[in-house]
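> Supplied in structure tokens, the structure appears directly below.
The values are calculated or read from the model by the stated rules, or taken from the named source; none is laboratory data. Every value quoted in this text rests on a predicted model; they were computed, and no experiment measured them. For neighbour counting, all protein chains shown are included, and Cβ atoms are generated from backbone atoms with ideal geometry for every residue, glycine included.
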Amino acid sequence: MYKKFKHRSNNQFVEVTFFIAFAVLFMTYLATGLKTIYLLWSLAFLIFTVMSFLRNAYLRNRLFKEFVDSIDVQDSQSILDLGSNDGFLIIQIANKLSVSSRTLIIAVEDKNQFSNKDFHTNAVNNRVKYRINLVNGDIRNLPYSDKSFDTITAANSLNSFLSSYKKSDCKKVCSEINRLLGHNGTAYIFNTSYLSKKMANEFIKQGNQVFFYDYKFQFLYGMRIFSVVKK
């Protein structure tokens, strides 16, 4: 498992906002005394705070572990990770390979992401920096030849086109994955339920096979894991 991992996200700001709203409403209730509507709203925001905390803790630990476990890279000669951000996913994948493995690993940080420093810190701490080639680029249009990779991984992350709700972005990302994936290669994708469905439909239109993974309480967290097999 990863160690000494430096990760930045906006999840804590959501939780802090909910908690501040709870505190303000609860103090207002105490000051006004009789207006129970403030008490009800403060309790609602307290529940939102707890749910957000549990959701994010589960998402980062449980769901990502299941996602990483579902990825088979033992026979891969080349791996491409899209929207790598701070390397949370690709570093764990690199750790799954044997020490003697000569697998080519390219991590693409999307052009709107700014986490090079965190990525390098995490890669050094996990002793895999020498195995991963980090590049910056537009994941909708990458400078690699057709069918260059056996395995492609992609996880929804901040400021990545993977998290874009624009139909044109979704279509371009899926087309690029389809172009870069070799025959019988597999792409593993972790995204919101809505975007996963949109992406899956695009891959099916391109003639690929799509497999969705089931996990406990997935309806509560709004995330899906699926794989695409290139035919």
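> Filter the stretch 200-226 down to the residues that are crowded, with 20+ Cβ neighbours inside 10 Å and under 14 Å from the mean Cα position of the chain (by Cα), then identify the one that is modelled with the lowest pLDDT.
MET223
> State yes or no: is LYS129 under 19 Å from the mean Cα position of the chain (by Cα) and basic (Lys, Arg)?
For LYS129, the condition - under 19 Å from the mean Cα position of the chain (by Cα) and basic (Lys, Arg) - is not met.
> Can you tell me which residue within the stretch 142-183, out of those that are of a type outside the set (A, V, I, L, M) and modelled with pLDDT under 90, is surrounded by the fewest Cβ atoms within 10 Å (Cβ to Cβ)?
TYR165
> Among the candidates SER164, SER157, SER196, which residue alone is more than 20 Å from PHE67 (Cα to Cα), assigned by TED's automatic domain parsing to the domain that holds HIS120 and among the hydroxyl-bearing types (Ser, Thr, Tyr)?
SER164
> Looking at the stretch 102-113 only, could you name the residues that are farther than 16 Å from TYR188 by Cβ and modelled with pLDDT of 85 or more?
Passing the criteria: ARG102, LEU104, GLU109.
> If you take the residues of the stretch 98-123 that are in a helix (DSSP H, G or I) and in contact (Cβ under 8 Å) with a residue 24 or more places away in the chain, which of them is nearest to GLY137 (Cα to Cα)?
Restricting to residues being in a helix (DSSP H, G or I) and in contact (Cβ under 8 Å) with a residue 24 or more places away in the chain, the top hit is PHE119.
> Now a separate question. Looking for something modelled with pLDDT of 90 or more and assigned to a strand (DSSP E or B) - is there at least one such residue anywhere in the stretch 88-97?
Checked against the condition, which is being modelled with pLDDT of 90 or more and assigned to a strand (DSSP E or B), the stretch 88-97 yields no hits at all.
> Report yes if ASN116 is at pLDDT 85 or above and over 16 Å from the mean Cα position of the chain (by Cα), otherwise no.
So ASN116 does not fit the description; no.
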